[in-house]
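The values are calculated or read from the model by the stated rules, or taken from the named source; none is laboratory data. Everything numeric here is computed off the predicted structure, so don't read it as measured data. Every residue, glycine as well, gets a Cβ built from its backbone with ideal geometry; the counts of neighbours run over all protein chains shown. Accessible surface is based on the protein model in full, side chains and every heavy atom, while ligands, DNA and RNA are left aside. Shrake-Rupley method; radii C 1.70, N 1.55, O 1.52, S 1.80 Å.
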Amino acid sequence: MSFNTFGHLFRVTTWGESHGPALGCTVDGCPPGVAIDEAAIQHWLDRRKPGTSRYTTQRREADAVRILSGVFEGRTTGTPVQLMIENTDQRSKDYGEIAETFRPGHADITYWQKYGIRDPRGGGRSSARETAARVAAGGLARAALAELAPDIRIRGYMVQMGPHGIEGARDMDEIENNPFWVPSAQTAESWGAYLDELRKSGNSCGAMIEVAASGVPAGLGAPVYAKLDTEIAAALMSINAVKGVEIGEGMGAAALTGEANADEIFLGNDGAPVYSSNHAGGILGGISTGQEITARFAVKPTSSILKPRASITKSGQPTEVITKGRHDPCVGIRAVPVGEAMLACVLLDHILLDRAQTGGARGAIG
């Protein structure tokens with residue numbers, strides 16, 4: 001299997017399976033001298049790890065990260081950084097009954113059609129557990145961003161669970177105070193009741209997550225094939241179970257007029273451009289404007305459910321599938337820190353690319 005790497009200068013290669021002995025990543029291109037240790041990366045992994053509430057899978061993984069290379073006396077050396085996370089709570093027997101059966105909504109059938117072999121235990125490489133390695137890499141990216149672009153702040157939150165959006169005004173201070181990363185205490189309460197009902201019935205739901213980055217300097221990205229929004233969309237689309245991505249106004253831009261969609265530009269008191277709105281999501285022509293970058297991605301309902309679904313076996317026989325085991329009733333909950341990590345990796349990559357190409361030079365205004 002090829003194509004396990006993303007990034008240009010900050011390059012991340014993930015490896016491992018859901019029920020293997022470990023998983024992790026190799027990060028190449030991290031600048032030397034970045035202050036980092038296992039505790040700093042662990043902070044981000046703890047936000048994603050399973051079993052943190054009754055609304056996520058009850059698989060109990062510490063997700064403890066180990067730095068195997070590329071760091072000396074608390075700083076990166078500029079050589080590849082190897083990060084490893086051991087799997088400690090696999091229950092492979094839960095998947096014995098579906099070893100010869102294709103689960104609807106899963107990658108079982110396409111993996112078999114492409115490779116002629118698959119690991120049925122938890123989905124193997126296609127499992128959302130792979131995203132733990134991305135979050136570890138994102139922790140390293142955040143540490144580098146803190147030194148190279150300290151004004152950047154990255155934040156993710158849920159804006160929709162199933163058919164339910166946010167009730168009332170958003171309160172960003174509430175994001176860290178509830179298990180859904182939703183900026184509304186009232187919404188968190190109603191979402192909890194909705195998900196409890198779904199979970200007890202053996203069903204699941206999808207979600208919409210928004211990720212935003214403030215303090216991003218103007219000038220990141222490149223026209224045509226290395227557009228910043230293209231790379232962000234690709235990074236978010238690569239997350240397991242994601243079926244749609246939009247930047248800024250996104251799909252809603254199709255309903256606007258040109259007059260309504262245009263973000264008017266003025267010169268601020270400090271000599272920097274000021275925009276009247278941000279329909280573009282902080283990116284124009286593939287290059288950052290200096291405004292907040294906003295992106296949303298849609299996560300499909302968890303495919304592993306206790307509801308019987310029709311399928312076939314590898315021999316082509318009709319069958320009925322009920323997926324047992326420990327699964328997230330809404331996998332979108334734990335996708336929030338994953339989206340943040342992917343955005344951090346892309347932004348760092350483009351900061352390094354910009355330094356290499358322009359040296360930080362910018363066109364003067366005024």
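For Thr302, the amide hydrogen comes within under 5 Å of the amide hydrogens of Cys205, Val331, counting only partners 5 or more places away or on other chains and with H modelled in the peptide plane. With bins 5 Å wide beginning at 0, the percent of Cα pairs of region 172-295 falling in each bin runs 2, 9, 15, 16, 17, 15, 11, 7, 4, 2, 1, 0. When the alpha carbon gyration tensor of region 1-45 is reduced to an equivalent ellipsoid, its three semi-axes come out at 21, 17, 7 angstrom, largest first. With contacts taken as Cα pairs under 8 Å at a separation of at least 6 residues, the chain carries a relative contact order of 22 percent.
The string of couplings for region 309-314 from the Karplus curve (6.51, -1.76, 1.60, θ = phi - 60°) is 10, 6, 7, 9, 9, 4 Hz, one whole number per residue in order, with x for Gly and Pro. Using the Karplus relation 6.51 cos²θ - 1.76 cosθ + 1.60 with θ = phi - 60°, the per-residue 3J(HN,Hα) values for region 31-40 come to x, x, x, 7, 6, 7, 8, 5, 5, 5 Hz, with x marking Gly and Pro. Counting only protein heavy atoms and using a 1.4 Å probe, the accessible area of Lys227 comes to about 70 Å². P(r) tail, the chain: Cα-Cα pairs separated by more than 32 Å, 35% of all pairs.
For Lys227, the amide hydrogen comes within under 5 Å of the amide hydrogens of Ala222, counting only partners 5 or more places away or on other chains and with H modelled in the peptide plane. Given a 1.4 Å probe and the protein chains as shown, Ser69 ends up with an accessible area of around 40 Å².
Of the residues Leu9, Gln82, Cys345, the one whose Cα sits farthest towards the positive end of the charge dipole of the chain is Gln82 (charges of +1 on Lys and Arg Cβ, -1 on Asp and Glu Cβ, taken about the Cα centre). On the beta carbon distance between Ser201 and Asp37, with R0 = 51 Å, the FRET formula returns roughly 0.70. The residues Thr257, Thr26, sorted by heavy-atom accessible surface at 1.4 Å with ligands and nucleic acids left out, run Thr257, Thr26 from largest to smallest. Over all other residues within a Cβ to Cβ distance under 14 Å of Ala222, the charged ones net out to -2, with Lys and Arg as +1 and Asp and Glu as -1.
Ranked by the mean number of other Cβ atoms within 10 Å per residue, highest first, peptides 77-87, 133-143 order as 133-143, 77-87. Taking every C-alpha pair closer than 8 Å and separated by at least 6 residues, the mean separation divided by the residue count of region 235-366 gives a relative contact order of 23 percent. As a rough guide to protection, the peptides 346-353, 146-153, 18-25 ranked by mean Cβ packing within 10 Å, highest first, stand as 346-353, 18-25, 146-153.
Each peptide in 179-189, 3-13 was scored by the mean count of other Cβ atoms within 10 Å over its residues; highest first, the order is 179-189, 3-13. Would region 257-366 count as rounded, prolate or oblate if I go by the C-alpha gyration tensor, calling it rounded below 1.5 in a/c and otherwise prolate when a/b exceeds b/c, oblate otherwise? Here region 257-366 falls in the prolate category. Note that region 124-133 has calculated 3J(HN,Hα) couplings of x, 6, 7, 5, 5, 4, 4, 5, 4, 5 Hz, one per residue in order, obtained from phi through the Karplus relation 6.51 cos²θ - 1.76 cosθ + 1.60 (θ = phi - 60°); glycine and proline are x. Sorting Asp171, Asp270 by accessible area puts them as Asp270, Asp171; the probe is 1.4 Å, largest comes first, and only protein heavy atoms count.
The 1.4 Å probe gives accessible areas that order Ser276, Ser127, largest first, as Ser276, Ser127.
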